[in-house]
Amino acid sequence: MADNDIMVSNDQYRAQSIKIKRVAEKVMQASKSSLIVHLRFLDAAINKLKLELAEKYISVDGRAIMYNPVYVLRLYKKDKNLVTRNYLHMILHCTFLHFYVGPQINQNLWDIACDIAVENIIDQLAETEEYLQVEPNPDKEAAMEMIKENVPQLTAEKIYRWLMDSDLTDEQMEELFFLFIQDNHSCWYDMQHKPQELTKDDVKQKPEDKPPMIDDSPNPDDQQPDDDAESDEDSKLEEDESENKETGKDGRNADEEEMEEMGDDGTQEVDKDKQELMEEWEDVAKHMDLDMETFSKEAGSRVGDLLLNIRNVTREKYDYTAFLKKFASMGEKMMIDDDEFDYIYYTYGLSLYDNMPLVEPLEYKETNVVKEFVIAIDTSFSVHGDEVQAFLRKTYNILKATESFSSHINLHIIQCDVKVQHDEKITSQAELDRYMSDMLLYGFGGTDFRPVFEYVDELIEKKEFSNLKGLIYFTDGFGEFPQRAPAYKTAFAFVSDDPMFDPVVPPWAIKLILDPEDIKEDDKK
C-alpha cells in the first residue's frame, strides 16, 4: 500500500512540475507579446532570441533567453510587469552588444554598468508605458540621479569607465549592484573566455551574481509555488493574452510571424562564432535605428538614451592605422626583405665555407610608405589645443610604429583658422621628433577650410609635391568647405565620444571620427 502511495505521489509531483513549466512559458510568451505589441521596433530583436529552460534565475547569451520557471512565476506573483521588464532588459543587453566582452574586462564593474544603462532606458519608457511600470524605488532613483550627474551619456562603456575611475567604496559598489541587477551575466563570460583571475587590488568586489527580488530559484522539479498562486497566475494570464493578442501583418499574430522568421522548427543555429553573432546583432540594431523613427517622434525625449545606445552600436568604427595606409604609395625602404631571401643558398654557404654565406639578405624592401602627405590643423577658438596635440601624437606614433614611414618624406603640417597661420615642412623622422617636442599652436580665430586647399594647390603648382597622396584635416567641423573636390584624397578627422555626433562633410571627402580616449592613450605614452 505504501508503494502505491509513493507511485501516486511521484505522478502528482511530475504533473505539478509539468504544470509549472507550462504556466511559466505562458508568462514569458505573454511578456513577449506585450513588447511586440507596444514596441514594434523591437520585433527583430525579440524574434531572434529563443526561450530555453534554465536551472537558476534568468539570463541571455545573445542566442537565447534562459529562464527558471519557478523564478519567473515568483516574479510574476510579485508584479507581472517585472517579467516584462526583465524580458526587455535582456533584449536591450543583446541589442547593445553587452554580452560581447574582452578578456581584460573587469567583469564586476561591467555587469553593473550594463544593468545601469539598460534600467535607465526602461525607466524612461515606463513613464508612459504602463506594462513596464513597477513600484518606485527611491534608493534606485537617487542612485540614478547621482550617476547622471557624473556620466552625461549613459552607455555601458561610459558608465564602466566612470566606475573604473571613481572612488566609490566596495559597499557603494555592492549597493549599485543590488539596485540595478535583473538577470545573471555569467554566461557572457563562459562563451567568450574563462573568467580572469582578479586580485583584491584591481577589483572592487561584488557579491554573488544573483537577482535581488527572490531569495532562491530552485529547479521546478524540486519545488513549486502553491496552488492558489498558480490559479491566480492562470487567471491573470488569460487577461494578459486577450490584451496582447493583436494581429500582425497579413492577419497573423505576432507568434506566427516569429515562427516564420525563425524557421519551420523555430530554432536557430547555435554553433556560430561570437564574431558572427556580434555582427548579426549589429544588423538588428541598424534595423531598430531605422524603425524607431516613428516611435521616437511620438515618445520624444523619453527615448533619448535608447537612441544614444543604439547609435553607439551602429556608429561606424574607424581603424586609424589602416586609414593612414590609404595615403601611402609604393616605394623602397631600407630593411631586410625576408620574402625575397633565398635561405637554401644562405645555409648551404654556411655549411660549405665554414660560416661564410653565399648570399646576403636584400637590404631594400618594396613596400607602401608615406612619402608625401599633408596634415592640416584647425586652430580656431572652438578646437581644443590638447585634442590637437593628442591627434598629432596619435598620427606620429602610428607612423613610427609601422613600416609606413619613409626615411625621406615630404610632410607638411599646416595650421589654419580663417587663414593659413603656419606651415612646418618635415623631411625626416628626426625633424618630426623635434617638431612634436617643441610644437606651438597659432591662430585661434574663426574657421574656414578653403585657405588650406588653396595653399596646397599653390604648393603643387610650385612643384613642392610630385605625387601628393592626400590631406587629413583635423577639425570640429564648423567651417566653410571648398565647393570643388581637390586632386588628392581628402579626409576630415573629428574627435568625439558622442554616438549621436554625425558631422556633415562634402561628398568627395572621407569622414573619420576618433574616440577621445583612443588618442589620449597615445598622448600619455
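Bear in mind that the values in this text are calculations on the coordinates, not laboratory data. Since the model is a prediction, treat every value here as computed from it, not as a measurement. Here the Cβ positions follow ideal geometry from the backbone for every residue, glycine too, while neighbour counts run over all protein chains shown.
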Nonlocal amide H pairs with I513, under 5 Å, H built at 1.01 Å:
F494
Would you give the gap between the C-alpha center of the stretch 476-516 and the C-alpha center of the stretch 69-112, rounded to a whole Å?
38
Taking the simple approach of a point 7 Å from Cα along Cα-to-Cβ for both T128 and D283, what is their distance in nm?
3.2
Within 10 Å of each residue's Cβ, count the other Cβ atoms and sort L132, L168 from fewest upward.
L168, L132
Listed with the fewest Cβ neighbours within 10 Å leading, M28, M439 appear as M439, M28
Per-residue HN-Hα couplings for the stretch 54-71, Karplus 6.51 cos²θ - 1.76 cosθ + 1.60 at θ = phi - 60°, whole Hz, x for Gly and Pro?
9, 6, 9, 6, 8, 7, 9, 10, x, 10, 8, 8, 10, 9, 8, x, 5, 4
What is the set of long-range amide H partners of I409 at a cut-off below 5 Å, with H atoms built 1.01 Å from backbone N?
S428
Sequence-distant or interchain residues sharing an amide H contact under 5 Å with L97, placed H: which?
none
In nm, give the distance between the simple-model label positions of E25 and D167, each being 7 Å from the Cα along the Cα-to-Cβ direction.
5.5
Holding the Cα-Cα limit at 28 Å, pick out from K274/K394; K158/K425; K158/K469; K419/K511; K371/K511 the pairs that are longer than that.
K274/K394; K158/K425; K158/K469
Scalar couplings 3J(HN,Hα) for the stretch 74-88 by Karplus 6.51 cos²θ - 1.76 cosθ + 1.60 (θ = phi - 60°), nearest whole Hz, x for Gly and Pro, are 5, 4, 4, 5, 5, 6, 4, 5, 4, 5, 5, 4, 4, 4, 5
Difference of contour (0.36 nm per residue) and Cα-Cα distance, E276 to W508
80.3 nm
Starting from 0.36 nm per residue, how many nanometres of slack lie between M146 and E55 once their C-alpha separation is accounted for?
29.2 nm
In nm, give the distance between the simple-model label positions of L441 and E461, each being 7 Å from the Cα along the Cα-to-Cβ direction.
3.2
